[in-house]
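Take a look at the structure set out below.
The values are calculated or read from the model by the stated rules, or taken from the named source; none is laboratory data. Remember, predicted model here, so these are calculated numbers, not experimental data. When we count neighbours, we look across all protein chains shown, and the Cβ atoms used for this are built from the backbone with ideal geometry, even at glycine.
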Amino acid sequence: MCKYYPGAGKMPCRTELQPSKNFYNPNCITVPIVEDLLKHNKYQRWLLAFFLCSFLYVFCAIFKMLKYLFFNKGGRTIKILIMNGNPYEKGNFDDFTSELKSKLEKDGHIANELILRNMDIKQCLGCWGCWVKTPGECLVKDDTVNIRREFITSDLVLMVSPIIMGFTSALLKKATDKLIPLIHPYNAIRNNEIHHLKRYDKYPYLGLLIKKSKDTDEEDLDIVSDIYRRMAINMATDLVLIKTFDTDIDEVTYEINNI
Amino acid sequence: MRLIIFNGSPRGKTGNTEVLLKHFLKGFSENEENSYEIHYLISIEKMDKLLEKIPNNDAALIAFPLYVDSMPGHVKKFIETLEPLCGKLPDLKLLFLVQSGFPEATHSKYVGRYCKKLTKRLGAKYTKTIIRGGSEGARLMPDNFKDFIKLQELGREFGETGSLDEPILNEIAGPEKLSDAILSKFPPFTDEPAFTDYWDEQLIKNGAFEKRFAKPYSE
């Protein structure tokens, strides 16, 4: 045991134990320090390192918590588009997306939901009009103009769909096919493969939210997420979120807040 | 052998898928016992009417171009209508043809995995997926183009034995990935355009060359 007096300088001065003096001195603080505790320990160096590490870890955790408390809530706002590819009127599918939307808005984001089944979406005919006749715009006029505008001006696009016959709905796929005016016909090398050149400077991150059906298994989920990952490469972006409807909505919003 | 074909090309009879099918079927029909019928999915409004036709056949071929890394939307719609047939087609041979404009086969392999799983789901016999890259110009190729001859060979083989020959499939599919030698010919930085001639020609023809980098949706 040793004694520390709050000294005049920055460092406290260390003195030997002097009972008679200390007994009456209220300024004296008794501090057991790590060095003394380990004085006769064979592994003192390792123990010291361990103490330091745990201190650092706790410090980091506190720092992270404070950062989340003060900076994350309502701090960063992103624009999110929810592409609801549910073809069915009945069922509780839409409750999930509307709850997700309101929670995202509560967290300070701008969220917009497009219910694709209520929109007029024509099948892409592969005419390449959007590439060689009216660059950047589809020749066939339908509601997909809105989808494309929302898509390219968002920071994150969540593609939401039930799994039907092992893949996302035909409705969502039909809408996705109509996104090609957003990319350029010219080719470019990306990931050592040929893809399409970007038309715009910035593309939104993609997220995939799927509702499993009775016959959906792990293999189906693998295939779907791999195809959407490829889609993201072609759209010059990343697939940052893959979740099923079994996931808690708070977990989904937490991950979106941390993208 | 009776074969039913579903052509899933949005361009229907004028597409590249049709050209590839034509050559496959040329080989297939060399055996006079074989017969086939083609349905163009893009022009069919009520797809469920096709369902009753499938069980009368020995084999079914679903052909489509790669649209945003998978099947086009209306082909997915057709697949959704097949749901009542799950597990009811134990003797049907199911094969697929996926073609894309990309030169590498990798792009189409992912949807190939889906095709295999779909066959399992329907309870049919998986008879492989014909993958063909670099098909955007297929319409413009002469009939004696080497890949067309291989497709005829594949069709002939299928007409006789009922299976697809793996080595020929690989030859038609082309390289999995581009070789370093080819890659080194491209501009060194990503997102530098390459292969612009094909598109420039069409852009100039339509008077849209000046507007080719237009960004109609940017704020």
Quick check on the range A:162-179. Is at least one of its residues of a type in the set (G, A, S), modelled with pLDDT of 95 or more and not in a loop (DSSP other than H, G, I, E, B)? yes
If B:A214 passes every condition in (1) in contact with an Asp or Glu (Cβ under 9 Å, 6 or more places away or on another chain); (2) more than 8 Å from chain A (Cβ to nearest Cβ); (3) at pLDDT 90 or above but one, which one does it miss? (2)
With respect to A:K122, determine if the residue is touching an Asp or Glu at 6+ places or on another chain (Cβ under 7 Å) and either surrounded by fewer than 18 Cβ atoms within 10 Å (Cβ to Cβ) or more than 14 Å from chain B (Cβ to nearest Cβ) (or both). yes
Within the range A:238-251, how many residues are of a type in the set (D, E, K, R), more than 27 Å from A:I189 (Cβ to Cβ) and assigned to a loop (DSSP other than H, G, I, E, B)? 2
Only one of A:G74, A:G85 that is modelled with pLDDT of 95 or more and small (G, A, S): A:G85
Step by step: first the residues of the range A:138-153, then only those that are surrounded by fewer than 21 Cβ atoms within 10 Å (Cβ to Cβ) and in contact with a strand residue (DSSP E or B) (Cβ under 8 Å, 6 or more places away or on another chain), then the one that is nearest to A:K79 (Cα to Cα). Which residue is that? A:T153
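Could you tell me whether the range B:177-193 includes any residue that is outside any strand (DSSP E or B), within 13 Å of chain A (Cβ to nearest Cβ), farther than 30 Å from B:S35 by Cβ and in contact with a helix residue (DSSP H, G or I) (Cβ under 8 Å, 6 or more places away or on another chain)?
Yes; the residues of the range B:177-193 include at least one that is outside any strand (DSSP E or B), within 13 Å of chain A (Cβ to nearest Cβ), farther than 30 Å from B:S35 by Cβ and in contact with a helix residue (DSSP H, G or I) (Cβ under 8 Å, 6 or more places away or on another chain).
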Of all residues in the range A:202-229 being basic (K, R) and within 18 Å of the chain's Cα centre (by Cα), the one that is modelled with the lowest pLDDT: A:K202
In the range B:42-88, what residues are farther than 23 Å from B:L151 by Cβ, within 14 Å of another protein chain (Cβ to nearest Cβ) and part of a loop (DSSP other than H, G, I, E, B)? B:I44, B:E45, B:V68, B:D69, B:L82, B:C86, B:G87
Apart from one, (1) free of Cβ contacts under 8 Å to residues at least 60 places away in the same chain; (2) within 7 Å of chain B (Cβ to nearest Cβ); (3) under 20 Å from A:L197 (Cβ atoms) all hold for A:G166; the odd one out is (3)
Scan the range A:130-149 residue by residue and report those that are within 9 Å of chain B (Cβ to nearest Cβ) and part of a helix (DSSP H, G or I). A:W131, A:V132, A:V145, A:R148, A:R149
Just to verify a result, which residue in the range B:114-138, among those that are polar (S, T, N, Q) and in a strand (DSSP E or B), is farthest from B:E171 (Cα to Cα)? B:T127
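For every residue, the table says whether it meets (1) within 11 Å of another protein chain (Cβ to nearest Cβ); (2) assigned to a helix (DSSP H, G or I); (3) more than 20 Å from B:S218 (Cα to Cα).
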residue: A:H196; (1), (2), (3): yes, no, no
residue: A:L209; (1), (2), (3): no, no, yes
residue: A:D222; (1), (2), (3): yes, yes, yes
residue: A:A236; (1), (2), (3): yes, no, no
Applying the selection to the range B:122-140, what residues are surrounded by fewer than 16 Cβ atoms within 10 Å (Cβ to Cβ) and at positive phi? B:G123
Does B:K215 fit the bill of being of a type in the set (K, R), surrounded by fewer than 16 Cβ atoms within 10 Å (Cβ to Cβ), part of a loop (DSSP other than H, G, I, E, B) and in contact (Cβ under 8 Å) with a residue 12 or more places away in the chain? no
Contact list please: Cβ distance under 9 Å, first residue in the range A:171-191 and more than 7 Å from chain B (Cβ to nearest Cβ), second residue among the polar types (S, T, N, Q) and surrounded by fewer than 23 Cβ atoms within 10 Å (Cβ to Cβ), pairs at least six apart or on different chains. A:L171/A:N86; A:L172/A:N86; A:K178/A:Q123; A:P181/A:T134; A:I183/A:N234; A:N191/B:T190
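Rundown of residues vs (1) touching a Leu at 6+ places or on another chain (Cβ under 6 Å); (2) of a type outside the set (F, W, Y); (3) crowded, with 18+ Cβ neighbours inside 10 Å, yes/no style:
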residue	(1), (2), (3)
A:T176	no, yes, yes
A:P181	no, yes, yes
A:N191	no, yes, no
A:K212	no, yes, no
A:T216	no, yes, yes
A:D220	no, yes, yes
A:R229	yes, yes, no
A:D248	no, yes, no
A:E251	no, yes, no
